[in-house]
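Visitor: This structure is in structure tokens; I'll ask about it shortly.
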Amino acid sequence: ATLAESLGQFVVTLVGAEKTRNDVLPHIREHLDLLALEIVEHSARKGSKYITRGRSDWYRFFVASLGGGVIVALFSLFKTIMAQWGLPLGIEAILFGLNYSLCFVLIYLTGSALATKQPAMTASTIARELGDPYSRTLERLEEMVIRVWRSQFVSFAGNLAAALPVAFLLSMAFSRLTGAPPAGEEKATYLLEALHPLQSGTVFYAAAAGFFLFTAGLVSGWIDNRSLHRRIPSRIAEQPILRSLLGAGGSRRIADFFDRNFGIIAGNVFLGFALGSLGTVGEILGLPLDIRHIAFASAEFGTAMESLQFDVATTTIVAVAAGVLLIGLINFLVSFGLSLGMALESRRVTWREIRTVASHLGSAFIRRPIDWFWPPRTPVPEKEAA
């Protein structure tokens, strides 16, 4: 910017500050926006690894998503079995929450991928790509958004490709070992009805899951921000007992692990208890509360089909399959929409700028529809994309 433009911006800012110096709400909003920006920055820093670039990244992410689907199928079986123990509802809610939390943490620690965990992170990365209000180039977002969408698509495909057949095989193995299916006829029928897009509150429950996926991203970012503010990693590295037991290098490795992982692990634990226990909490309170998550829904679909030995009407199978896809779409749209909305607000993006971005993305989809699902042979260079 020229000297005259910088001086003009300074005068405008000075006059605005003088006019609102006695107003409380603008100051509250400014501080909330600053907190949101700090949380977004932490999420964006860790969200870039969920965005594929070329074909090698695309294949690697597909394999990681297959691993996530396998883990989900296993823990979905655990939940189905626990649901038939007849435990008190409070104990059941805790066990379900622990089951989901362990599942999500294990997916993260093994380097696997869960499709619905990414939107809260990748939305923040998109917002960071915008830059500050005075030096924005909105066109540069085109390639970033295409890569994000492509990464989401392949992770959904990998989760579904593994969770449903693996759940089917696990249910078959359980039946062979115990002489009874993990879900009886009544339970299996209930699982299918719960996934039917018209015979249950699938849309509402999938949106509830999307909201908690968004909230888990906030929890992760807030904990990372709090940890950095209180200098917890450096305090761990300098902790006398750890240094005496493990040496300076050992305590530093623990501090680095804490810095890289604690926020995400805490967010996964929060998400696990939120998704795992909401249905039971709703039953305790007598309220229609529940969640629908695409990976667990596809695993439950496989378990129910094996338990019923495919003795299900074709129309029901088609409807439930459509319900599972609808659940995934709503999970993504709600989680990504809320995360992106907060991230854009933290960057003070105007509606005019949002319309400009939408226009660029619409033309990009018309020009390059395949690139939204399948990576080009030669990735677009960063400078060219910008």
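Quick grid of which residues meet (1) open to solvent by less than 50 Å² (accessible area, probe 1.4 Å); (2) closer than 30 Å to PRO182 by Cβ; (3) at pLDDT 75 or above:
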{"site": "PHE78", "(1), (2), (3)": "no, yes, yes"}
{"site": "GLN84", "(1), (2), (3)": "no, yes, yes"}
{"site": "ILE91", "(1), (2), (3)": "no, yes, yes"}
{"site": "GLY97", "(1), (2), (3)": "yes, yes, yes"}
{"site": "TYR108", "(1), (2), (3)": "yes, yes, yes"}
{"site": "ALA113", "(1), (2), (3)": "yes, yes, yes"}
{"site": "ALA120", "(1), (2), (3)": "yes, no, no"}
{"site": "TYR134", "(1), (2), (3)": "no, no, no"}
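Visitor: Here is a further query. Name the pairs: first residue in region 302-331 and under 23 Å from ALA180 (Cα atoms), second residue open to solvent by 50 Å² or more (accessible area, probe 1.4 Å) and part of a helix (DSSP H, G or I), Cβ to Cβ under 7 Å, at least 6 apart or on different chains?
Guide: Listed by first residue and then by second, the contacts come to GLY302/LEU164; GLY302/PRO165; GLU306/MET172; LEU308/GLU185.
Visitor: Would you say ILE265 is farther than 18 Å from LEU102 by Cα and among the β-branched types (Val, Ile, Thr)?
Guide: Against the criterion (farther than 18 Å from LEU102 by Cα and among the β-branched types (Val, Ile, Thr)), ILE265 does not qualify.
Visitor: State whether the residues of region 231-242 include one that is open to solvent by 20 Å² or more (accessible area, probe 1.4 Å), acidic (Asp, Glu) and in a helix (DSSP H, G or I).
Guide: Taking every residue of region 231-242 in turn, none turns out to be open to solvent by 20 Å² or more (accessible area, probe 1.4 Å), acidic (Asp, Glu) and in a helix (DSSP H, G or I).
Visitor: For region 216-231, give me each residue that is touching a helix residue (DSSP H, G or I) at 6+ places or on another chain (Cβ under 7 Å) and more than 10 Å from ALA266 (Cβ to Cβ).
Guide: Of everything in region 216-231, those that are touching a helix residue (DSSP H, G or I) at 6+ places or on another chain (Cβ under 7 Å) and more than 10 Å from ALA266 (Cβ to Cβ) turn out to be GLY217, LEU218, GLY221, ASN225.
Visitor: Which condition breaks for GLY47 when tested against (1) at pLDDT 85 or above; (2) closer than 30 Å to PHE153 by Cβ?
Guide: All conditions pass for GLY47, except number (1).
Visitor: Looking only at region 260-274, decide whether some residue is more than 20 Å from the chain's Cα centre (by Cα), without any contact (Cβ under 8 Å) to a residue 40 or more places away in the chain and open to solvent by 20 Å² or more (accessible area, probe 1.4 Å).
Guide: Checking region 260-274: not a single residue is more than 20 Å from the chain's Cα centre (by Cα), without any contact (Cβ under 8 Å) to a residue 40 or more places away in the chain and open to solvent by 20 Å² or more (accessible area, probe 1.4 Å).
Visitor: Moving to a separate point now. Based on this model, can you work out whether PHE214 counts as aromatic (Phe, Trp, Tyr), in a helix (DSSP H, G or I), on the phi < 0 side of the Ramachandran plot and surrounded by 20 or more Cβ atoms within 10 Å (Cβ to Cβ)?
Guide: yes
Visitor: Determine the pairs where a residue that is in a helix (DSSP H, G or I), located within region 181-203, has a partner that is among the acidic types (Asp, Glu) with Cβ atoms under 6 Å apart, the partner being 6 or more residues away or on another chain.
Guide: That search, which allows pairs on different chains as well, returns LEU191/GLU300.
Visitor: Same structure again: Looking for something among the small types (Gly, Ala, Ser), open to solvent by less than 80 Å² (accessible area, probe 1.4 Å) and under 20 Å from HIS196 (Cα atoms) - is there at least one such residue anywhere in region 323-342?
Guide: Yes, region 323-342 has at least one match.
Visitor: Take region 303-320 and flag every residue that is part of a helix (DSSP H, G or I) and either surrounded by 15 or more Cβ atoms within 10 Å (Cβ to Cβ) or at positive phi (or both).
Guide: Within region 303-320, THR303, ALA304, MET305, GLU306, SER307, THR316, ALA319, VAL320 qualify.
Visitor: Could you give every pair whose Cβ atoms fall below 7 Å, whose first residue belongs to region 357-373 and is within 20 Å of LEU340 (Cα to Cα), and whose second residue is in a helix (DSSP H, G or I) and of a type in the set (Val, Ile, Thr), counting only separations of at least 6 or pairs across chains?
Guide: Going by the 7 Å Cβ cut-off, the qualifying pairs are LEU361/VAL145; ALA364/ILE146; TRP372/ILE146.
Visitor: Further question on the same structure: Is there a residue in region 60-75 that is at pLDDT below 90 and of a type outside the set (Lys, Arg)?
Guide: Yes, region 60-75 contains a residue that is at pLDDT below 90 and of a type outside the set (Lys, Arg).
Visitor: In region 280-300, what count of residues is obtained for those that are open to solvent by 20 Å² or more (accessible area, probe 1.4 Å) and either of a type in the set (S, T, N, Q) or not in a loop (DSSP other than H, G, I, E, B) (or both)?
Guide: Qualifying residue count for the region: 5.
Visitor: Separate question: Within region 174-185, does at least one residue satisfy the condition of being crowded, with 16+ Cβ neighbours inside 10 Å, at pLDDT 90 or above and β-branched (Val, Ile, Thr)?
Guide: For region 174-185, residues crowded, with 16+ Cβ neighbours inside 10 Å, at pLDDT 90 or above and β-branched (Val, Ile, Thr): absent.
Visitor: Taking the stated definitions as given, is ARG253 over 22 Å from GLY111 (Cα atoms), touching a helix residue (DSSP H, G or I) at 6+ places or on another chain (Cβ under 9 Å) and open to solvent by 20 Å² or more (accessible area, probe 1.4 Å)?
Guide: no
The values are calculated or read from the model by the stated rules, or taken from the named source; none is laboratory data. Model, not experiment: these values are computed from the prediction. Cβ coordinates were reconstructed from backbone atoms using ideal geometry, including for glycine residues, and neighbour counts include every protein chain displayed. Ligands, DNA and RNA are stripped out before the accessible areas are found, and what is left, the full protein with its side chains, is counted by its heavy atoms. Shrake-Rupley method; radii C 1.70, N 1.55, O 1.52, S 1.80 Å.
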